[in-house]
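To start, the structure itself, in structure tokens.
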């Protein structure tokens, strides 16, 4: 009889991330009731339907945590389909029936009942579950303590990050219509990759929790869990070795990149970004899509899996513009490899590539917004690095035109040296990527199309990073989106390098190489960096190049030692490549200092040093409370005229059009509020050397109507707003500008007054 003790211990280790999840949520101010409700929603309406559909359509030998990881991706994709159908029909209040239908069908149909149990699940070592549980706990702690705890929920005045309020406005809008309107420009169709926000709208609707609390506190934790478990599932699927799963997870969420530069060289987006729901959501969906694609194409998954693959890929396309190009790059390189190796067209892989092209085109025409004003231009990302302006003298904003970034067109030798050093440092700081490419020189992995698929995603990501010149440096998201694939590939390559050696030798090579790399990184960071923050062009160039010289010297010493050892002991052939790979991965291990972990824990326990409140908060308590009153009292589809389009900052020559008080906190459509992130505004980037955030509105007629409604209203004007735009309310903020209070008192009904805020309702 098989002992139940290992099974019990294997389940027991997952209590650690469960306890950590409760702690991080409670530490950010979430009450027990909301934790229970949101957990019940996500488990019953996302995870369980997703796992059942996964087991029915794409069965495989997966453990239950792996089923949960990929099942979250499938469940999120299935949920979005239901959200679109129910919202378009105007019955979004019954959305819970969509996941419930899956549970009922799988309980009622005899052939589907077996999907409630894992079929032919492999027995993996306890160390697999224990290390994954520990890494999941660490990831929850790091990201919640490092970012979520610092973000206030819109209830009182404060310095809210404008992008979060913008996302909040989209979440509110996606509870009203599909396709959504631009909340800041009522009546105009939104062009943006809003699938992540649609998930948040669904969560708020089903769980019955305020969308503000869902966005600012609750959504991030299950997405973290999904990414961690999906990466683990993909890693074991590709390599077949259990230990590559925790290694890939660690490289994805904990260490991420080299940290041998004090000031430069390590810049790049993370796969998980709390302030960018689309990045976190899109990366998680993409990893799940990769697991399903590779399983179907190269790991013998049944043909029925294509139903789930197509659904997840389509959702990936609407989640982030960086997602499908990576999948397309991987599929394209794998197809090329199979064509060369087999000398015949690999029709399944080519078919997937054609489908991905079609999905990309469709998404660009419908939901993949925020790409306007983004030309293809070499090295635009260099503008984000310290020293670019000082070395090039280029202060102009990027405008359409030109094949290379302006500062490098007529660059001198020092500038070119700096630019080359920065580009090399970007590659070196992603040593995990380098290890993935080394796998193409290794016999065991270079014959596997899955490895070529993973490397193809990295090539696509680097090309996107180098040739896309986004006004807001969105090209950095390519690097973060591709990191999970680099981590999985690196684990597979290291596994291939040590396979065939004795168990003790494998452990010594891996552990010794990782520790040597970590020690080398710490040594370079301590002794190979300049002491002061670089200011002059020469110091800036040195800050980039000196650590690389130290690294080159260390590699040269290692190579010399290897040549000597190989001459003396020929039987160690092949050991050098394995050690090099482990050292390269080990260089990233110290990327997060202990202080960062301690600060994350302190932030959740309330022991962190409280920073003094800003003397001039972005929004006052009166403004927030007035917006919340409007949200409670205005009709669901009412449009509001407001003068809060500009961020309330000290006077400047132009309006920073990222004000989302009424559309975000208030949750209502406006005639004209912050227009900065619209496609129409992004397309005007560079006009008159102006940043898209500071450019005039692409809808000057609406600005004029808004101004007149607040400063010189007339009965005809208010009637026009009511009849033509559906305006029912006026939100007048005297802190934002002049308000014709007496005239509005005659022409409309004053419904709310608090401090400098007056809210009027137009008369029928």
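Nothing in this text is a laboratory measurement; each read-out follows from the coordinates by a stated rule. Note that the structure is a prediction, hence the values are computed from the model and not measured. All Cβ positions, glycine included, derive from the backbone under ideal geometry; neighbour counts span all protein chains shown.
Between residue 161 and residue 11, 0.36 nm times their residue separation minus their Cα-Cα distance comes to what?
Extra length available between residue 161 and residue 11 comes to 50.0 nm.
Rounded, prolate or oblate: which one fits the range 1-128, using the alpha carbon gyration tensor with axes a ≥ b ≥ c (rounded when a/c is under 1.5, else prolate when a/b beats b/c, else oblate)? Could you put the intermediate results ahead of the total?
Values: a/c = 2.47, a/b = 1.22, b/c = 2.03.
Oblate is the answer for the range 1-128, as a/c is 1.5 or above yet b/c matches or exceeds a/b.
May I ask for the angle, rounded to the nearest 10°, between helix 413-428 and the longest principal axis of the chain, with both axes built from Cα atoms and the value confined to 0 to 90°?
70 degrees
What does the C-alpha gyration tensor say about the overall shape of the range 510-605? Classify as rounded when a/c is under 1.5, otherwise prolate if a/b is larger than b/c, or oblate. Provide the component values of the computation, followed by the final result.
Values: a/c = 4.07, a/b = 1.45, b/c = 2.81.
Taking the square roots of the gyration eigenvalues as a ≥ b ≥ c, the range 510-605 is oblate.
Counting DSSP beta bridges with both partners in the range 621-762, what percentage is antiparallel, nearest 5? Could the numbers behind the result be given before it?
Working: 11 of 17 bridges.
Of those bridges, close to 65 percent are antiparallel.
Which order do peptides 180-192, 654-666 fall in by mean Cβ count within 10 Å, highest first?
Details: 180-192: 21.6, 654-666: 26.1.
Output ranking for 180-192, 654-666: 654-666, 180-192.
Quick one: 646, 45, fewest Cβ neighbours within 10 Å first, how do they rank? Show your work: numbers first, answer last.
Numbers: 646 19, 45 25.
Taking fewest neighbouring Cβ atoms as first place, the list is 646, 45.
At a 10 Å Cβ-Cβ cut-off, how would you order 206, 223, fewest neighbours first? The partial results should precede the final answer.
Details: 206 27, 223 23.
Ascending Cβ contact count within 10 Å gives the list 223, 206.
Quick one: which of 420-430, 129-139, 99-109 comes out on top by average Cβ neighbours within 10 Å, and what's the full order, highest first? All intermediate terms of the calculation are to be shown ahead of the outcome.
Working: 420-430: 20.2, 129-139: 21.8, 99-109: 14.6.
The densest-packed peptide leads the list: 129-139, 420-430, 99-109.
Summarise the long-distance tail of P(r) for the range 116-167 by giving the % of C-alpha pairs beyond 14 Å.
Working: 943 of 1326 pairs.
When every Cα pair of the range 116-167 is considered, 71 percent fall beyond 14 Å.
Say each of residue 594 and residue 390 gets a label point 7 Å from the Cα, pointing the same way as Cα to Cβ; how far apart are those two points in nm?
Roughly 3.2 nm, to one decimal.
Taking Kirkwood radius over Cα pairs in Å as the quantity of interest, determine which of (i) 33.1; (ii) 26.9; (iii) 27.7 was computed from the displayed structure.
(iii)
Label residue 413 and residue 601 with points 7 Å out from Cα along Cα→Cβ: what is the distance between them in nm?
5.2 nm
Dividing the convex hull volume of the Cα atoms of the range 621-762 by its residue count, what figure in Å³ per residue is obtained?
On the way: hull volume 14.9 nm³, N = 142.
Dividing the Cα hull volume of the range 621-762 by its residues yields 105 Å³.
Evaluate E = 1/(1 + (r/R0)^6) for residue 519 and residue 150, where r is the Cβ-Cβ distance and R0 equals 30 Å; express this FRET efficiency to the nearest 0.05. Display every interim value, and only then the final one.
Details: r = 33 Å, r/R0 = 1.09.
Efficiency, from the Cβ-Cβ distance: 0.40.
Report the dimensions of the range 481-548 along its three principal axes from the alpha-carbon atoms, largest first, rounded to Å.
Here the spans come out as 52, 29, 13 Å, largest first.
Give the relative contact order (percent, whole number) for the chain; include only Cα pairs under 8 Å separated by 6+ residues. Don't jump to the answer; show the numbers that get you there.
Details: 1312 pairs, mean separation 125.1, N = 764.
With pairs under 8 Å counted, the relative contact order is 16 percent.
Which order do peptides 320-332, 336-348, 726-738 fall in by mean Cβ count within 10 Å, highest first? Don't skip to the end; give the middle numbers.
Values: 320-332: 26.8, 336-348: 13.5, 726-738: 20.7.
Highest to lowest by the protection proxy: 320-332, 726-738, 336-348.
Using only Cα atoms, find the angle between the long axis of helix 277-298 and the longest principal axis of the chain, and express it within 0 to 90 degrees, rounded to the nearest 10.
Roughly 40 degrees, rounded to the nearest 10.
Once fully extended, how much extra length lies between residue 19 and residue 751, figured as 0.36 nm per residue of separation less the alpha-carbon to alpha-carbon distance?
Working: separation 732, 0.36 × 732 = 263.52 nm, distance 4.66 nm.
Using 0.36 nm per residue and subtracting the Cα-Cα distance, I get 258.9 nm.
Looking at the chain only, what percent of DSSP beta bridges run antiparallel? Nearest 5 please. Before the final figure, lay out each step's value.
Numbers: 15 of 23 bridges.
Rounded to the nearest five, the antiparallel share is 65 percent.
Using alpha-carbon pairs under 8 Å, 6+ residues apart, how would you state the relative contact order of the range 393-497 in percent?
On the way: 75 pairs, mean separation 29.8, N = 105.
Computed value for the range 393-497: 28 percent relative contact order.
Each label point is 7 Å from the Cα along the Cα-to-Cβ direction; what then is the distance between the points at residue 734 and residue 440, in nm?
Distance between label points: 6.7 nm.
Quick one: 720, 605, 392, fewest Cβ neighbours within 10 Å first, how do they rank?
On the way: 720 14, 605 11, 392 22.
Ordered from fewest to most neighbouring Cβ atoms within 10 Å, 720, 605, 392 come out as 605, 720, 392.
At 0.36 nm per residue, and after removing the present C-alpha to C-alpha distance, how many nm does the segment from residue 123 to residue 538 gain when stretched out fully? Before the final figure, lay out the partial values.
Values: separation 415, 0.36 × 415 = 149.40 nm, distance 5.76 nm.
Fully extending the segment from residue 123 to residue 538 adds 143.6 nm.
Quick check on the chain: helices-only [θ] at 222 nm, where DSSP H runs of length 4 and up contribute -39,500 (n - 2.57) each and the sum goes over total residues. Nearest 500, please.
Working: 30 runs with 430 residues, N = 764.
Per the formula, -18000 deg cm²/dmol.
In degrees between 0 and 90, to the nearest 10, how far off the longest principal axis of the chain does helix 449-467 point, with axes built from Cα atoms?
50 degrees
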